[in-house]
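The values are calculated or read from the model by the stated rules, or taken from the named source; none is laboratory data. Note that this is a predicted model, so its numbers are computed, not measured. Backbone-built Cβ (ideal geometry, glycine too); neighbour counts: all protein chains shown.
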Amino acid sequence: MHPKKERTLVILKPDAVQRGLVGDLLKRFENTGLKLVAMKMIVPKEEIVWKHYNKDDAWFQSKGEKLVENLKAAGRPVEKEAIEYGREIIGALVKFMTASPVVPMVWEGNQSVAIIKKIVGGTEPATSIVGTIRGDYTLDSYEIANLDDRAVRNLVHCTDEPTESEREISLWFSPEEVINYRLIAEQMLYDVNLDGLLE
């Protein structure tokens, strides 16, 4: 596949929809020159969200052990096995992602995965760089999310690695929902000679 055809999944999460930020966030992605090739609004089923996050027992155990360490360091009681705490991380995400409509979409273009990740910013809004979506539009943190026993509200999911794109996209979109088309701006972005611009 040509690099300009790389695709990535983006999901505007319930907090983005509920705060009326869908248009603003779409504009941030469009401004880069990436091409929107699929988009819809849905309330996802729990099963799709569990499949989307795709974590195994080793991941649950590892994350749970870190949570147990944090609880002990904070002088809080440890009430269950580490693996259960790990499962609750994804459980909280599932609860959050199914609480309201979300807007999944697919963007296409050169290094689309890296470009979107750069625009979205780090996972924790409180430490995301100014200029990124998470740095500019929200103030949540791991600390307050953990204290409130909920998922971090960070507005956007984006594919982490190009190797994950196909699996993620296929969970949220059928092949017929992803549209192949030519965008006029692609000539400016990708045409080596810019043929035909002068009359």
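So if I check each of Ile119, Ile115, which one is over 27 Å from Val43 (Cβ atoms), at pLDDT 95 or above, part of a helix (DSSP H, G or I) and β-branched (Val, Ile, Thr)? Spell out the reasoning first.
Values: Ile119 fails: over 27 Å from Val43 (Cβ atoms).
None of the others qualify; the one that does is Ile115.
Counting just the residues of the stretch 1-59 that are acidic (Asp, Glu) and loosely packed, with under 13 Cβ neighbours inside 10 Å, which one comes out nearest to Gly135 (Cα to Cα)? It would help to see each step written out before you state the result.
Taking the stretch 1-59 first, the residues acidic (Asp, Glu) are 6, 15, 24, 30, 46-47, 56-57.
Okay, now just the ones that are also loosely packed, with under 13 Cβ neighbours inside 10 Å, so 46-47, 56-57.
Values: Glu46: 28, Glu47: 30, Asp56: 30, Asp57: 32 Å.
Residue satisfying both the conditions and the ranking: Glu46.
Residue check: is Ile116 under 30 Å from Met188 (Cα atoms) and either among the hydrophobic types (A, V, I, L, M, F, W, C) or surrounded by 19 or more Cβ atoms within 10 Å (Cβ to Cβ) (or both)? Here the answer is yes, as Ile116 does meet what is asked.
Quick one: in the stretch 146-199, of everything that is in a loop (DSSP other than H, G, I, E, B) and touching a helix residue (DSSP H, G or I) at 6+ places or on another chain (Cβ under 6 Å), which residue is farthest from Phe96 (Cα to Cα)? Please lay out each step first, then the result.
So the first thing to find is which residues in the stretch 146-199 are in a loop (DSSP other than H, G, I, E, B), and the list is 148-155, 159-161, 173-174, 178-184, 191-199.
When the remaining residues are screened for being touching a helix residue (DSSP H, G or I) at 6+ places or on another chain (Cβ under 6 Å), the result is 150-155, 159.
Numbers: Arg150: 8, Ala151: 7, Val152: 9, Arg153: 8, Asn154: 11, Leu155: 11, Thr159: 18 Å.
Checked the stretch 146-199; the qualifying residue farthest from Phe96 (Cα to Cα) is Thr159.
Consider the stretch 132-188 and keep the residues that are among the β-branched types (Val, Ile, Thr) and under 25 Å from Lys95 (Cβ atoms). The one that is surrounded by the fewest Cβ atoms within 10 Å (Cβ to Cβ) is Ile144.
Only a single criterion out of (1) more than 23 Å from Glu46 (Cα to Cα); (2) in a helix (DSSP H, G or I) is not satisfied by Leu139, namely (2).
From the list Glu6, Glu30, which residue is more than 17 Å from Asn154 (Cβ to Cβ), touching a helix residue (DSSP H, G or I) at 6+ places or on another chain (Cβ under 9 Å) and not assigned by TED's automatic domain parsing to the domain that holds Glu84?
Working: Glu30 fails: touching a helix residue (DSSP H, G or I) at 6+ places or on another chain (Cβ under 9 Å).
Only one candidate passes the filter, namely Glu6.
Looking across the stretch 47-78, just one residue is of a type in the set (A, V, I, L, M, F, W, C), assigned to a loop (DSSP other than H, G, I, E, B) and in contact with a helix residue (DSSP H, G or I) (Cβ under 7 Å, 6 or more places away or on another chain), and that is Val78. Yes or no: the stretch 21-33 includes at least one residue that is at pLDDT 90 or above, part of a loop (DSSP other than H, G, I, E, B) and closer than 13 Å to Pro104 by Cβ. No, the stretch 21-33 contains no residue that is at pLDDT 90 or above, part of a loop (DSSP other than H, G, I, E, B) and closer than 13 Å to Pro104 by Cβ.
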